[in-house]
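Remarks on the structure that follows.
Please treat every number below as a calculation from the coordinates, not as lab data. As the structure is a prediction and not an experimental result, all values here were calculated from the model. Because the Cβ atoms are built from the backbone with ideal geometry, glycine has one as well, and the counts that use them run over all protein chains shown.
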Amino acid sequence: MVTYLYLLNGKKRFALETEIKNRMEREGVKTEWIKILRKNRYKITGQRKNIINFLSKQRSPRSTDDIYLELKKDHPEIGIATLYRTLDLLSSLKLIHKVNIASNKSFYLFPGNSDDNSGIYLVCDNCGKLVSNNRCLNNSVKVRLVDNAAKNIFNNCQLQVNHFQIFFSGLCEECTRDVNKP
């Protein structure tokens, strides 16, 4: 494989190296999750393994309904209750991060986007999509928190804040484009 990589031109080589790295990371995530579950004496059933395999490949926030519908295509034996229990378990073990939205809808953040439990999100009023890790949105909010302003605010309130979540509602980029079409 390494010899093959060096025969490719720059862009194809980079893309292939990136794909191999991503696959190795996903396998590592899946293996690590299974180790943690076993260490905590949880069974690794076939359904749970299929769910973990699917979740370890995710890179963007997903709702339970989205995950369920996608999983059902390849694994019709997986029930919604099993999925909820597995998501709750992985969340309680801090392997994934659950984001609760006021409308009683939950989204899950996965490795690569759940390292920081603090977040700035936009929920699209049109399509229901959760936008996270948007550079423009993050920078707009974080500019207001420069020079330890956040620390000073929290100290003045006599509160200890471990993490924060800020939600905006509006339109995602795709829905904004659709609305602005002539």
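Below is a table of values for the structure above.
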read-out: Per-pair calculated FRET efficiency, R0 = 30 Å: LYS39 and SER169 via Cβ, rounded to 0.05; value: 0.15
read-out: Given LYS98/LYS181; LYS35/LYS129; LYS73/LYS105; LYS43/LYS129, the pairs whose alpha carbons are separated by over 29 Å; value: LYS98/LYS181; LYS35/LYS129; LYS43/LYS129
